[in-house]
Each structure stands twice: as structure tokens, then as C-alpha cells.
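The values are calculated or read from the model by the stated rules, or taken from the named source; none is laboratory data. All of these numbers come straight from a predicted model, not from anything done at the bench. Glycine gets a Cβ as well: all are built from the backbone with ideal geometry, and neighbour counts include every protein chain shown. The protein model used for the area step is the full one, side chains on, heavy atoms only, and it has no ligands, DNA or RNA in it. Shrake-Rupley method; radii C 1.70, N 1.55, O 1.52, S 1.80 Å.
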Amino acid sequence: QQQVKQSPQSLIVQKGGIPIINCAYENTAFDYFPWYQQFPGKGPALLIAIRPDVSEKKEGRFTISFNKSAKQFSLHIMDSQPGDSATYFCAGAYGGSQGNLIFGKGTKLSVKP
Amino acid sequence: NAGVMQNPRHLVRRRGQEARLRCSPMKGHSHVYWYRQLPEEGLKFMVYLQKENIIDESGMPKERFSAEFPKEGPSILRIQQVVRGDSAAYFCASSPPSRAGYTFGSGTRLTVV
């Protein structure tokens, strides 16, 4: 009930490609779905977040697509750059952005020049 | 405005020793969270504290682990009689009184030898 399943585990794309990372959740009480970006040796940093009352949110080159009926959401990175190479984590929480986060296991993205 | 400060960055302990991890929240933040990240895993919630109070410790192992956030000074995560399985990265996050989103520190990497 508390799990967030994330795929793929790793992803390699060429510069300019559009990597897509998928997550599925079980707990229908979740009402906040953030994505975090983590570079080696650093803590996770909030990238973008969505609430289940919207189906899509864009911030710069990052887009979240949300499918409430399927209990799935995904991150798309447009025009990916080598500097986007990092590990990406999706998460779910109830209680909005105030809730404790349940994280997926992460996707290691490598963007080749 | 300094971010969330964690120290030490790296900590090596022999089996059976005690580990103390410190976290100073961002200025103006009164809520502290501890998460643990095992190799190749996502972050797992451990405990949520406010000044002098443990609010939610549902993710804390029942034995050997304790956390505090005193009126003065940093939050401390204490692990007694460490075992090899405690080797992980421990991340602290803090949030303002509204709990609207939080910021992670760079983590303490604990190695038990």
C-alpha cells in the first residue's frame, strides 16, 4: 500500500533526447507527487511536483504527466543535456507537501554528448 | 542563507561502536526529518521531529536508533552498537513551520567496518 514503483532502473540517452521515467503508486490517499534530482555525493533536490487534480505540469524542460485512474505518473525531460545526468527519484505523500515522502528506488540517467 | 548542514560528511565506525549524526536545519525551519538511503535504493523515512518533540517515528528501527531535536543545537540521530547493515547514507531535511516542502542536506555516509 505504501510502495512507489519506479522504472527503468537506469537509462541512457543521447543529448537532445527525451528520457521518460515512470512511476506507479498504490496508496490512493497520496495527494502530492514530487520528483527529486540527486547528483553523486549530494542530497536530493526538488525538481517539480504535481497534485492529482491536474494531468500535466511543466517547468522549463521538465514535464510531469499524471494519470489518476491508472495510478501512474511520469517525468519527461525535453532536450536533455549531459548536465541532466543524475539519479531521479519519484515520491508520493499524503498530507500534501507537508507529508512524509515515500520514494521510488530511483532511475540513474546518463545523457551522452 | 545556509542550507541544511549535516556533519560529519563521512563517518567510519567499527561494529559495536556508537554513531552520532548531526543536522542543523535551515534558518527559520522548525521541522526536521531523517531519511536513510541504502545502496541502490530510494530514501526511506525514519523520523520527523519538531523542537523537543518526536512527531512521527514510524520508520525508525525499534532498537539501537534514537533521534532528538533539542531546544538549542542541532538534531541528532544516534545509532548504538552499529552493525554492518547500518552502513548507508543518512539524509536530514528541514521545513518551515508551514511544512510546505522541505530541503535536504548533503547527507552523512556511515560505513561500519
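Points to keep in mind about this one:
- Candidate set from the stretch B:80-111 (those that are without any contact (Cβ under 8 Å) to a residue 60 or more places away in the chain and more than 10 Å from chain A (Cβ to nearest Cβ)); member that is most open to solvent (accessible area, probe 1.4 Å): B:85
- In the stretch A:7-36, the qualifying residues are those that are open to solvent by 30 Å² or more (accessible area, probe 1.4 Å) and in a strand (DSSP E or B), and the one that is nearest to residue B:10 (Cα to Cα) is A:10.
- Verdict on residue B:43 being within 15 Å of the chain's Cα centre (by Cα), crowded, with 16+ Cβ neighbours inside 10 Å and farther than 20 Å from residue A:89 by Cβ: no
- Test result for residue A:7, touching a strand residue (DSSP E or B) at 6+ places or on another chain (Cβ under 8 Å) and more than 22 Å from residue B:4 (Cβ to Cβ): yes
- Residue within the stretch B:49-58 that is open to solvent by 70 Å² or more (accessible area, probe 1.4 Å), within 10 Å of another protein chain (Cβ to nearest Cβ), closer than 16 Å to residue A:102 by Cα and not β-branched (Val, Ile, Thr) present: yes
- Inclusion of residue A:46 among residues that are within 14 Å of chain B (Cβ to nearest Cβ), under 25 Å from residue B:57 (Cβ atoms), of a type in the set (A, V, I, L, M, F, W, C) and free of Cβ contacts under 8 Å to residues at least 60 places away in the same chain is warranted.
- Residue match in the stretch B:62-78 (condition: within 10 Å of chain A (Cβ to nearest Cβ) and open to solvent by less than 50 Å² (accessible area, probe 1.4 Å)): no
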